[in-house]
Structures are given as structure tokens and as C-alpha cells.
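The values are calculated or read from the model by the stated rules, or taken from the named source; none is laboratory data. What you are looking at is a predicted structure, and each value in this text was computed from that prediction instead of being measured. Ideal geometry is used to build each Cβ from the backbone, glycine not excepted, and the neighbour counts take in all protein chains shown. Each accessible area value is taken on the protein alone, full model and side chains, heavy atoms only, with ligands, DNA and RNA left out. Shrake-Rupley method; radii C 1.70, N 1.55, O 1.52, S 1.80 Å.
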Amino acid sequence: MDLGVAFFPTDFGTDIVTLARLVEERPFYALFVAEHTHIPTSRETPHPSGDVLPPQYSHTHDPFVALSFAAAATERIKLGTGVCLVVERDPIVTAKEVASLDVLSGGRFLFGIGAGWNREEMANHGTDPSRRFGLMRERVEAMKAIWTQDEASYAGEFVNFERIWSWPKPLQQPHPPIVVGGNGPTVLDRVLAIGDAWSPNVVDDDTLLGQIAELRERADRPIEIIINAAPRRPERLARYIEAGVNRALFFLPQRDAAGLEERLDKDRALIDQLG
């Protein structure tokens, strides 16, 4: 199993360049970063965990800027968004950012996407929360058109443009993998519609393993599974390996560089243990 890490790059924590180098120095395969453009102070939407919202949510760097610094400081590891909130982004601009980062990183970008959970946050971007999944699908489809067509057009309910030029095209062909995040009741439909991979959060092993089996039964193509917030217990990871899951992400807490290095070394020991 390939193991990577997921992190909130913030203005008060360990800087992304230091972390990227620490990850690159160890046998991890990827570094994923989160996105929140802002957090409304009047937020009523509860955090999915039910806990108080940690401060990193409102202090997170832009993921594409952060990953560009990580790309410049590394040569090997994959670099991913975990997740990019495409319902809060212009698809033409985001397509340009994705393609640019993929080219400049040497084809190492993984495009993790999601529709988000914070209704007030997305509403401030003009997104109707009740229609965010349809909007996300159209924006991803529109970006795929931009990446794969020299003269791209797209006509949908939410996204419309005719005959545009936009370069660079991504280095990875036809485009960087679309990694759909989420655990909601209709997430498998979204993965099958627009995804190359699925990255669910690990909450309950039995439930998630059942969903993975269902996805494989329904899929008409190979779809990679990248479990997020993976357990750090070898016996639990072994169940996912037996189910054919070959990639997992450990969540990294907000710590200073020494604390993160200690955490990464403990996680590295798990890699050795898993073989």
C-alpha cells in the first residue's frame, strides 16, 4: 500500500516547503492539501465531525499557490488537492491553474475535488447549496473540455462558453486524475459520472468496505481508491489491502516542524511494517 499525507497549509503552522521536503525525504507517495477560501463568522452549518471548527479552516493558504511551492521544492512525490472546492471556483480559471501546476510539476498533480459541506461558505460564492452537486459536475466536465480540446466549448445549465483557446494543456493525458472526495449517500454516483478515483474519509471500516465493493460492481472502468484520514493501525489497513485498496492518506495535525517530523517518522515505520 502506498501511503501519503494530507495537511492544512496555514499561515501559522509549518510552512509547506519544509513539510514537502520532509515528505519527499521519506517513502511517502503524495502530499495533499485542503482548501477553504474563507469561513463565515455567522456559520450555522456544523462541522461533519460535530466538533468545534479548528482554526486552520480559516487560515488555509490557497492550495494551488501552496502546491506550486511544494512542487518547486520536490522532485518525486505526487501533489494533490484534498479537496479543491470547485463549486466555489470559476472553471476556466481553475482549468488554467490545474494545467499550469501539472506542467510545472512534471505531471505530478492529482486533482482532488469536492462540493464542500459549509453551506454559508459556498453561498458567499453565489452557489446554491442544494444544487452544488450538479454545478460541480458541469464545472468538471467543462474543465475536461478545456484540457482536451484546442478550441473548447461547453453548454450546460450552470456553465456555458463557446470556442475558447486555453493553454497550457496538462502534461498528464488526457488530464490529471480526477479524485472525487466525500462520503455522502450519492457519492458513488458522482465518482462514476466524473471521477478517475474516489477518496472517502475513513469513518467505519465495515460500511466503507461495503461501499468500495459496490463501486467496483457498478464501475465499467478501473477506479482507484485512496482512503483519506486512514487509520494508523496495521490490522485495520490490512482489511483495505485485502479489498484491493493500494493507496491511503494519513491526516497530519498542526504542529511545528519537529513535531511533524516525529509524526512522519512514526508513519514511516508503518510503511516498513506493511511491507
TODO: Towards the positive end of the charge dipole of region 132-275, with charges on Cβ (+1 Lys, Arg; -1 Asp, Glu), say which of Gln254, Ala197, Leu135 has the farthest Cα.
DONE: Gln254
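Checking a compactness column here: for region 28-158, what do you get for Rg(Cα) / (2.2 N^0.38 Å), N being the number of residues? Please report the intermediate quantities before stating the final value.
Values: Rg = 15.5 Å, N = 131, 2.2 N^0.38 = 14.0 Å.
Against the compact-globule rule of thumb, the ratio is 1.11.
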Task: Using alpha-carbon coordinates, inclination of helix 63-73 to the longest axis of the chain, degrees - done: 60
Open item on the list: Quick check on region 117-275: take the gyration tensor over C-alpha atoms, sort the square-rooted eigenvalues as a ≥ b ≥ c, and tell me if it's rounded (a/c under 1.5), prolate or oblate.
Closed with: prolate
Task: Which of Ser105, Ala123, Pro40, positive extreme of dipole for region 1-131 (C-beta unit charges) - done: Ser105
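May I ask you to order 162-174, 43-55 by the average number of other C-beta atoms within 10 Å around their residues, highest value first? Provide the component values of the computation, followed by the final result.
Details: 162-174: 13.6, 43-55: 11.6.
Put in order of decreasing packing, that is 162-174, 43-55.
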- [ ] Subtracting the Cα-Cα distance from 0.36 nm times the residue separation, let me have the gained length for Ser58 to Asp265 in nm, one decimal.
- [x] 71.7 nm
Task: Additional length obtainable on full extension of the chain from His47 to Glu24, 0.36 nm per residue less Cα span - done: 5.1 nm
- [ ] Express the carbon and sulfur contribution to the solvent-accessible surface of region 71-161 as a percent, rounded to the nearest whole number, probe 1.4 angstrom.
- [x] 48
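In the neighborhood of Leu22, defined by Cβ-to-Cβ distances under 10 Å, what is the net charge if each Lys or Arg adds +1 and each Asp or Glu adds -1? List each step's numbers first, then the result.
Details: positive: Arg21, Arg26, Arg263; negative: Glu24, Glu25, Glu261, Asp265.
Taking every Cβ under 10 Å from that of Leu22, the sum is -1.
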Task: the chain, helix-only ellipticity at 222 nm - DSSP H runs n ≥ 4, -39,500 (n - 2.57), divided by all residues, nearest 500 - done: -12000 deg cm²/dmol
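Taking a ≥ b ≥ c as the square roots of the Cα gyration tensor eigenvalues, with a/c under 1.5 meaning rounded and otherwise prolate when a/b beats b/c, else oblate, which class fits region 51-107?
Numbers: a/c = 2.62, a/b = 1.37, b/c = 1.91.
Oblate.
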TODO: May I ask for the distance between the Cα centers of region 167-218 and region 60-78, given as a whole number of Å?
DONE: 23
TODO: Using DSSP, restrict attention to beta bridges with both residues in region 1-138 and report what percent are antiparallel, rounded to the nearest 5.
DONE: 10
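For region 167-232, rounded, prolate or oblate, judged on the Cα gyration tensor with a ≥ b ≥ c (square roots of eigenvalues), a/c < 1.5 rounded, else prolate if a/b > b/c? Don't skip to the answer; put the middle values down first.
Details: a/c = 2.44, a/b = 1.68, b/c = 1.46.
Cα axes put region 167-232 in the prolate bin.
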- [ ] Return the percentage of antiparallel bridges among DSSP beta bridges fully within the chain, rounded to the nearest 5 %.
- [x] 15
Open item on the list: Test of understanding: in a Gaussian network model of the chain with alpha carbons linked when under 10 Å, which of Ser130, Ser153, Ser100 would top the mean-square fluctuation ranking?
Closed with: Ser130
Open item on the list: Using only the alpha-carbon atoms, how far is helix 91-104 inclined from the longest principal axis of the chain? Give it as 0 to 90 degrees, nearest 10.
Closed with: 50
Task: In degrees, nearest ten, helix 132-148 long axis to first principal axis of the chain (Cα) - done: 80
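Compute, for region 1-147, the length of the dipole vector about the Cα centre, with Cβ point charges of +1 (Lys, Arg) and -1 (Asp, Glu) only. Units Debye, rounded to 20.
On the way: 14 positive and 19 negative charges, 70 e Å.
Once rounded to the nearest 20, the dipole reads 340 debye.
With a 1.4 Å probe and all protein chains left in place, how much accessible area per residue does region 1-109 have, in Å²?
On the way: 4420 Å² over 109 residues.
That works out to 41 Å² per residue.
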